[in-house]
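The values are calculated or read from the model by the stated rules, or taken from the named source; none is laboratory data. The shown structure was predicted, so the numbers you read here are calculated from the model rather than taken from an experiment. All Cβ positions, even for glycine, are placed from backbone atoms using ideal geometry, and neighbour counts span all protein chains on display.
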Amino acid sequence: MSAPLDQLIRQHWWAAVATVCRLTGDLQAAEDAVQDACVAALERWPTAGVPDNALGWLIGVARHKAVDRLRREANRGAKEAAAMREISDSGEDTSPRVTDPLGLIFLCCHPALNVSARVALTLRSVCGLSTAEIAAAFLVPEETMAKRLVRAKAKIREARIPFRIPGEAELPERLGAVLRVIYLLFTEGHLASRGEALVRADLCDRAIALARRVASLLPGEPEAAGLLALLLLTDARRAARTDALGDLVLLADQDRGRWDQDMIAEGEAILEAALRHGRPGRYQLHAAIAACHSTAASGESTDWRQIALLYAELIRYEPTPVVEANRAVAVAMAEGPAAGLVILDALAHHPQLRRWAQLYIARAELLRRLGRDGEAADAYRSALELEPAPASRSFISRRLRELEGAD
Amino acid sequence: MKYMLLLNRTADALPAPGTPELDRIIQEYGAAVEAMGRAGVLIDCAPLAARSSTTTVRVREGETIVTDGPSAEIKEQLGGYSIIECADLDEALKWAATIPAARDASVEIRPIVAIPASA
């Protein structure tokens, strides 16, 4: 299989599935038909050449495949029969109308589906990943992932979750659900809690590509651009986040020469344009925080006061103890570790944070800087007990060795 | 006096169409419903889709919170029902959010299975 062709098909998958889904009213039928069309394209295009309107070709072929499939199905309902008639009647026009692909991602990210189903469906229906690829990315057996997808599609069908772009009143909330799925995809790749390095990088790339498409399809929504800026600014540090052994390198210790300056510049430009709308939100604020880090020449010269203020603002949109913990770290950098520790200690017994290794790591770092080595070591050990990601685990072990060596 | 009969079942979904299990259900329920109809006691009845197709709506501080699945809150109990006909789930969600139970507890939206006229 040729890689450029494969890429070309992947690029058109979303719009093709969206259009056929709109025509048939059935997501599964649309995916199957587009899959068939892609196989046909890979057989035909290497010798016959890629048609000028590759997307139109794929949709045309998929439409016929969908008709064939629906015809073969003995027990189809009246609705599908009507849909089939509509498809058959729409004739042989060479440039079938392409449906706005946004409807498909709003369907896959509908709040009536559970979050893991939304993520899986988006990867399958919007990004065109196979069930096996999605299962591998989330380290679950393929059968488990297949069941999750089947159940989600059954709910879409049975509960009649609509294929449509939400109206103005619903848009902020529904767009929030879409952006959250893209953000989860990215963090799954970025936080490296599971899976192999290559698969994770792939998830980050896919999340960025999705954010890019959504932002370009919704130019009037600054939060969509804010998410894209955030992902670019964060991913720009990818090469510096792990050392040669694959261990996590803290932001302060990263080799800033390895940050991708083109990505940072793009992220900043997108963020600036988004902020000009005058409608801030959580992703724009997260991106602004990431930008503060990206523009600093070193950890020490970072504008921590500004970052602490941005976190304080972020709490309005995201009132979670995690944001407060991050604010504590910024305050510690701006005003000294003691000031940060006061905020962290107030959070220590929050039920949501008790199993969050990052809180113990942050506490340990501040205690270490205050010279309270014994307490710092205890906090690192508490973090280890929560079984953090492998890269974090070796970082903690290294710190513990340093502390024990200093005794 | 009107009564709502809540029909529980052990399996989540109805058996697949064309299976003897479903045929038996259709026949036995059909006979019971027909008798109720003949006696003039029946107002409406229908099977419900699988629990996994349920959506729960809560309204808190004016915000509609939509979650997948039936309510997991054990303090809540069934207190009434409405049957509405809508184009799709989004429309049903809008109506469900207007019911006071959505603010006090929750409203579950469980699709009713349409029985084809020929069955």
Residue among A:Gly220, A:Gly189, A:Gly167, A:Gly226 that is more than 14 Å from chain B (Cβ to nearest Cβ) and in a loop (DSSP other than H, G, I, E, B): A:Gly220
Matching residues in the range A:93-112 - criterion: being within 14 Å of another protein chain (Cβ to nearest Cβ) and among the small types (Gly, Ala, Ser): A:Gly103, A:Ala112
State the number of residues belonging to the range B:10-29 that are within 24 Å of A:Ala159 (Cα to Cα) and of a type in the set (D, E, K, R). 3
Considering only residues that are part of a helix (DSSP H, G or I) and free of Cβ contacts under 8 Å to residues at least 24 places away in the same chain, which ones fall in the range A:45-63? A:Thr47, A:Ala48, A:Trp57
Just one of the numbered conditions (1) in contact (Cβ under 8 Å) with a residue 40 or more places away in the chain; (2) surrounded by 11 or more Cβ atoms within 10 Å (Cβ to Cβ); (3) away from chain A (no Cβ under 14 Å) is not true of B:Glu34; which one? (1)
Tally up the residues in the range A:1-39 that are without any contact (Cβ under 8 Å) to a residue 24 or more places away in the chain and over 27 Å from the mean Cα position of the chain (by Cα), please. 1
Subset of the range B:44-82, residues away from chain A (no Cβ under 14 Å) and of a type in the set (S, T, N, Q), comes to B:Gln77, B:Ser82
Criterion first (closer than 15 Å to A:Ala112 by Cα and touching a residue at least 12 places away in the same chain (Cβ under 8 Å)) does B:Gly69 satisfy it? yes
Given the condition under 26 Å from A:Arg241 (Cα atoms) and polar (S, T, N, Q), answer yes or no: does some residue in the range A:272-286 qualify? yes
The range A:118-151 - residue that is surrounded by fewer than 20 Cβ atoms within 10 Å (Cβ to Cβ) and of a type in the set (Lys, Arg) and, of those, farthest from the other protein chains (Cβ to nearest Cβ): A:Lys147
So A:Ile161, is it outside any helix (DSSP H, G or I) and buried (at least 18 other Cβ atoms within 10 Å of the Cβ): yes
Condition met for A:Leu310 (out of contact with any His (no Cβ under 8 Å at 6 or more places or on another chain), aliphatic (A, V, I, L, M) and modelled with pLDDT under 95): no
Mind listing just one residue for me: the one in the range A:346-362 that is assigned to a helix (DSSP H, G or I) and among the small types (Gly, Ala, Ser) and, of those, nearest to A:Arg381 (Cα to Cα)? A:Ala357
Only one of (1) of a type outside the set (Asp, Glu); (2) away from every other protein chain (no Cβ under 14 Å); (3) surrounded by fewer than 21 Cβ atoms within 10 Å (Cβ to Cβ) does not apply to A:Val115, and that is (2)
Scan the range B:18-25 and tell me whether some residue there is of a type in the set (Ser, Thr, Tyr), within 14 Å of chain A (Cβ to nearest Cβ) and assigned to a loop (DSSP other than H, G, I, E, B). yes
